[in-house]
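Here the structure comes first, spelled out in structure tokens, and everything after it is commentary.
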Amino acid sequence: MRVGVFHFPTDYGIAPAELAAALEERGFESLFVCEHTHIPVSRLSPFPGGGELPKRYSHTHDPFVALAFAAAATKRLRLGTGICLVPQHDPIVTAKAVASLDMLSGGRFEFGIGGGWNKEEMAQHGASYETRFKLMRERVLAMKALWTQEVASFSGEFVKLEPSWSYPKPVQKPHPPILLGGETDITLKRIAAYCDGWIPRGGAGFDPAVAKTRLARAAEAAGRDPASLSMTVFRAPAEAKTLEAYRAAGVDRVLLEVPDLTREEVLPLLDRLAQLAAG
């Protein structure tokens, strides 16, 4: 089982390049970064975690820029979005950002995606909460076309792409892994339909063996080999016993949390997490 981390890269915390280098030095497999493009001050959507919205949600760097700095500071570390809010991103621009990052990093990018929860945030991007998953699907399919076709085109309800050239193409073939976040049965159907892996959230109530069975059944129902779909557990508990249970259940990767703190606060934490990961 591979052990990586997830992190909100903020303007007040440890720099992405320094964090990435420290992770690689300590043997971590990957760095996944979170994103919010902005947070409307109206705050109409309640925070899913309850209580006040943490400061980090309105202070994140652009994930692709942050990961570019992380890529330049490392050689082996896998680099991912965890997650990219696809309904808030133009698919043509995003496809080029993904392909460029994958090429310049030597094929180390993983595209974690999701639909989002903040209604007013996505509305200011012209996306509707009610149709965000339909929009996400079409944008992902259009990006796949741009990554894999010399002359790419796509026609859907929300996305229209006339025959076009778009380079570079990703190093990973046919494209970087697409990992979808969420926990519902509908999420699993979407994964089996057009993604390469699942990012469920760990913690209380999460049973890795049950999750693996659910993913396998969704794959089989869609006519796919269950082995073709990976599982990356987001916010896995930093507990040796729990991580061993995940490993025994066949979880492919876990992501431990690295908080939005300064360099002086983060580096000692990484030392402790590295000892746990080496288990």
Subject >> Any chance Val65 is farther than 18 Å from Gly116 by Cβ, of a type outside the set (D, E, K, R), modelled with pLDDT of 95 or more and not in a strand (DSSP E or B) >> reply: yes
**OP:** Mind counting the residues in the range 72-86 that are buried (at least 24 other Cβ atoms within 10 Å of the Cβ) and assigned to a helix (DSSP H, G or I)?
**Re:** 1
Original post:
Mind checking which residues of the range 95-120 are among the charged types (D, E, K, R) and within 18 Å of Phe6 (Cβ to Cβ)?
Top reply: Arg108, Glu110
Original post:
When Val65 is evaluated against the numbered criteria (1) loosely packed, with under 15 Cβ neighbours inside 10 Å; (2) in contact with a Gly (Cβ under 9 Å, 6 or more places away or on another chain); (3) among the aliphatic types (A, V, I, L, M), which criterion, by number, is the only one it fails?
Top reply: (2)
Original post:
Which members of the range 241-279 meet the condition of being outside any helix (DSSP H, G or I) and in contact with a helix residue (DSSP H, G or I) (Cβ under 8 Å, 6 or more places away or on another chain)?
Top reply: Gly250, Val251, Val254, Leu256, Val258, Pro259, Asp260, Leu261, Gly279
Original post:
Which of the residues spanning the range 198-249 are surrounded by fewer than 22 Cβ atoms within 10 Å (Cβ to Cβ) and touching a residue at least 60 places away in the same chain (Cβ under 8 Å)?
Top reply: Arg235, Arg247
Original post:
Given (1) surrounded by fewer than 23 Cβ atoms within 10 Å (Cβ to Cβ); (2) under 22 Å from Val65 (Cα atoms), where does Ala145 come up short, assuming only one miss?
Top reply: (2)
Subject >> Candidate set: the range 37-53, residues that are closer than 21 Å to Arg235 by Cβ and without any contact (Cβ under 8 Å) to a residue 12 or more places away in the chain; chosen: the one surrounded by the most Cβ atoms within 10 Å (Cβ to Cβ) >> reply: Phe47
**OP:** Sort out which residues of the range 148-182 are under 21 Å from Gln88 (Cα atoms), out of contact with any Ser or Thr (no Cβ under 8 Å at 6 or more places or on another chain) and either without any contact (Cβ under 8 Å) to a residue 60 or more places away in the chain or small (Gly, Ala, Ser) (or both), and write them in order of number.
**Re:** Phe154, Ser155, Gly156, Glu157, Lys160, Ser166, Gly182
**OP:** Please verify whether the range 74-91 includes one or more residues that are touching a residue at least 60 places away in the same chain (Cβ under 8 Å) and over 17 Å from the mean Cα position of the chain (by Cα).
**Re:** no
**OP:** Return yes or no: is Ala238 more than 17 Å from the chain's Cα centre (by Cα) and in a helix (DSSP H, G or I)?
**Re:** no
**OP:** Pick out, from the range 112-209, the strands (runs of 3 or more DSSP E) lying fully within it that include 3 or more residues that are of a type in the set (Gly, Ala, Ser) and at pLDDT below 95.
**Re:** none
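The values are calculated or read from the model by the stated rules, or taken from the named source; none is laboratory data. What you see is a predicted model; the values in this text were computed from it and never measured. Reconstructed Cβ throughout: ideal geometry from the backbone, glycine too, with neighbour counts over all protein chains shown.
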